[in-house]
Amino acid sequence: MCQITVRHANFNFPEQIDRYWYSNSPFKTHFFNSITLLFPDGEQFMLRTIKRQIKQIENVQLKQEASAFIGQEAQHAVQHEKFWHNLWQQGYKFDTYLRFLRFILFNVCEHHLSIKFKLAMIAGVEHFTNVIAELTLKEELFAEAEPIMKELFEWHAAEEIEHKTVAYDVFQSITKNYLIRLLGMIIAYTFILSFVSLGLVTMLYHDKKLLDVKVWQEMLQLFFTKEKIFLKVFSHSIEYLKINFHPSQRDNLFLIKRVIS
């Protein structure tokens, strides 16, 4: 069992940070920029859903963990949103993207999905982010990134691993239905991949690099040949399909020690 601690981070991103802060790679930079665009509202959706459910949680320890989860996710939202200022300063426009994202999250998902499906979706999202978090720390995914961005993503990754069981346990506290869990994962992965792709295309469009062959070579490196993110996420995600799956079964808590205390 891991003690979940709410830390009050305060990232300050220098305005002179490189446009392509990840190894001078437009694709890799914008892949993670698109995640930064997605996180703040995505985190708000999750913490609002969990917050509304907290009163229904009977297990005292889980209730405390859920409260700490809310605190951590709120910090993630605030810190990632700070970097939007840098993106605006660099000339990127993503208001339309944000309006569409918020419509899907708050008008569609929040208002029209049942609490069981919302929690199943959040559990699926948390599994996805836990997989990415493990890759981030285990393989030092941000070794070639700007130091401040490396610090941001590694801090976030460590806390994702720290609270990896909470959303799943909250979902399980109201239903252990395997089909709902599976559908929640499908919704979560579809949502994440769709909006990360949309954010990525938006950024590359502004840079006039959508037809740049080098950019798509960088995609192949990140997903399939060098970092192999796609293949590793796919193989790790299969674990979620097991009937007796639980996030605690994956031994990765040791990874957070060098990042947070």
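Kindly indicate whether HIS85 is out of contact with any Lys or Arg (no Cβ under 6 Å at 6 or more places or on another chain), at pLDDT below 95 and either surrounded by fewer than 19 Cβ atoms within 10 Å (Cβ to Cβ) or among the aliphatic types (A, V, I, L, M) (or both). Break it down into steps so the answer makes sense when it comes.
Details: out of contact with any Lys or Arg (no Cβ under 6 Å at 6 or more places or on another chain): yes; at pLDDT below 95: no; either surrounded by fewer than 19 Cβ atoms within 10 Å (Cβ to Cβ) or among the aliphatic types (A, V, I, L, M) (or both): yes.
Taking the combined requirement at face value, the residue does not satisfy it.
Exactly one condition in (1) crowded, with 19+ Cβ neighbours inside 10 Å; (2) out of contact with any His (no Cβ under 8 Å at 6 or more places or on another chain) is not met by HIS76; state its number.
The number of the failed condition is (2).
Evaluate the following for VAL196: is it over 28 Å from ASN12 (Cβ atoms), part of a helix (DSSP H, G or I) and at pLDDT 95 or above?
Values: over 28 Å from ASN12 (Cβ atoms): no; part of a helix (DSSP H, G or I): yes; at pLDDT 95 or above: yes.
Answer is no for this residue.
Only one residue in ILE122, ILE186 is buried (at least 23 other Cβ atoms within 10 Å of the Cβ) and within 17 Å of the chain's Cα centre (by Cα). Which one?
Details: ILE186 fails: buried (at least 23 other Cβ atoms within 10 Å of the Cβ).
On inspection, the qualifying residue turns out to be ILE122.
Among all residue pairs at least 6 apart or on different chains, which show Cβ distances below 7 Å where the first residue, located in region 107-132, is closer than 18 Å to PRO40 by Cα and among the hydroxyl-bearing types (Ser, Thr, Tyr) and the second is at pLDDT 95 or above and buried (at least 16 other Cβ atoms within 10 Å of the Cβ)?
So the pair list comes out as THR129/GLU160.
Taking only pairs six or more apart or across chains, which ones have beta-carbon atoms under 8 Å, a first residue in region 242-261 that is under 15 Å from ILE4 (Cα atoms), and a second residue that is among the hydrophobic types (A, V, I, L, M, F, W, C) and outside any helix (DSSP H, G or I)?
Once the first residue is under 15 Å from ILE4 (Cα atoms) and sits in region 242-261, its partners that are among the hydrophobic types (A, V, I, L, M, F, W, C) and outside any helix (DSSP H, G or I) give LEU253/CYS2.
Based on what the data block shows, is GLU110 crowded, with 20+ Cβ neighbours inside 10 Å and farther than 30 Å from LYS209 by Cα? Explain how you work it out, then say what you get.
Details: crowded, with 20+ Cβ neighbours inside 10 Å: no; farther than 30 Å from LYS209 by Cα: yes.
In short, no.
Does LEU222 satisfy the condition of being at pLDDT below 95, in a helix (DSSP H, G or I) and in contact with a helix residue (DSSP H, G or I) (Cβ under 6 Å, 6 or more places away or on another chain)?
Numbers: at pLDDT below 95: yes; in a helix (DSSP H, G or I): yes; in contact with a helix residue (DSSP H, G or I) (Cβ under 6 Å, 6 or more places away or on another chain): yes.
When the stated conditions are applied, LEU222 passes them.
Can you name the residue in region 54-69 that is part of a helix (DSSP H, G or I) and buried (at least 19 other Cβ atoms within 10 Å of the Cβ) and, of all such residues, is nearest to the chain's Cα centre (by Cα)?
Filtering region 54-69 down to residues part of a helix (DSSP H, G or I) leaves 54-56, 60-69.
After this cut, where a residue has to be buried (at least 19 other Cβ atoms within 10 Å of the Cβ) as well, the list is 65-66, 69.
Details: GLU65: 19, ALA66: 17, PHE69: 14 Å.
Restricting to residues being part of a helix (DSSP H, G or I) and buried (at least 19 other Cβ atoms within 10 Å of the Cβ), the top hit is PHE69.
Is it the case that region 15-23 has a residue that's under 14 Å from LYS150 (Cα atoms), surrounded by 22 or more Cβ atoms within 10 Å (Cβ to Cβ) and not hydrophobic (A, V, I, L, M, F, W, C)?
Kept after step one, since they are under 14 Å from LYS150 (Cα atoms), are these residues of region 15-23: 17-18, 20-23.
Then keep just the ones that are surrounded by 22 or more Cβ atoms within 10 Å (Cβ to Cβ); that gives 21-22.
Now drop any that are not not hydrophobic (A, V, I, L, M, F, W, C), which leaves 22.
Yes, there is a match, as at least one residue in region 15-23 is under 14 Å from LYS150 (Cα atoms), surrounded by 22 or more Cβ atoms within 10 Å (Cβ to Cβ) and not hydrophobic (A, V, I, L, M, F, W, C).
From the residues in region 218-247 that are polar (S, T, N, Q) and surrounded by 13 or more Cβ atoms within 10 Å (Cβ to Cβ), which one is farthest from the chain's Cα centre (by Cα)? Reasoning before the result, please.
If we filter region 218-247 for residues that are polar (S, T, N, Q), which is where we start, we get 221, 225, 235, 237, 244.
After this cut, where a residue has to be surrounded by 13 or more Cβ atoms within 10 Å (Cβ to Cβ) as well, the list is 221, 237.
Numbers: GLN221: 21, SER237: 14 Å.
Only one residue tops the list, namely GLN221.
Are there any pairs with C-beta distances below 7 angstrom linking a residue in region 152-178 that is touching a residue at least 40 places away in the same chain (Cβ under 8 Å) and of a type in the set (Ser, Thr, Tyr) to a residue that is part of a helix (DSSP H, G or I) and buried (at least 22 other Cβ atoms within 10 Å of the Cβ), with the two at least 6 apart or on different chains, and if so which?
These pairs meet every condition: TYR168/ALA123; TYR168/GLU126.
Scan THR136, THR175 and give me the residue that is crowded, with 21+ Cβ neighbours inside 10 Å and hydroxyl-bearing (Ser, Thr, Tyr).
Working: THR175 fails: crowded, with 21+ Cβ neighbours inside 10 Å.
Criteria check complete, one pass: THR136.
Please go through region 82-122 and pick out each residue that is of a type in the set (S, T, N, Q) and farther than 24 Å from GLU15 by Cα. Even if it seems obvious, please write down each step before you answer.
Quick first cut of region 82-122, residues of a type in the set (S, T, N, Q) only: 86, 89-90, 96, 107, 114.
Once the filter is applied, which keeps residues that are of a type in the set (S, T, N, Q) and farther than 24 Å from GLU15 by Cα, region 82-122 yields ASN107, SER114.
Could you list all residues from region 225-257 that are more than 24 Å from VAL166 (Cβ to Cβ) and either outside any helix (DSSP H, G or I) or at pLDDT 95 or above (or both)?
Selection gives LYS226, GLU227, LYS228.
Any residue at all in region 85-106 that is over 17 Å from the mean Cα position of the chain (by Cα), acidic (Asp, Glu) and outside any helix (DSSP H, G or I)?
no
The values are calculated or read from the model by the stated rules, or taken from the named source; none is laboratory data. Quick caveat: nothing in here was measured; it's all calculated off a predicted structure. All Cβ positions, glycine included, derive from the backbone under ideal geometry; neighbour counts span all protein chains shown.
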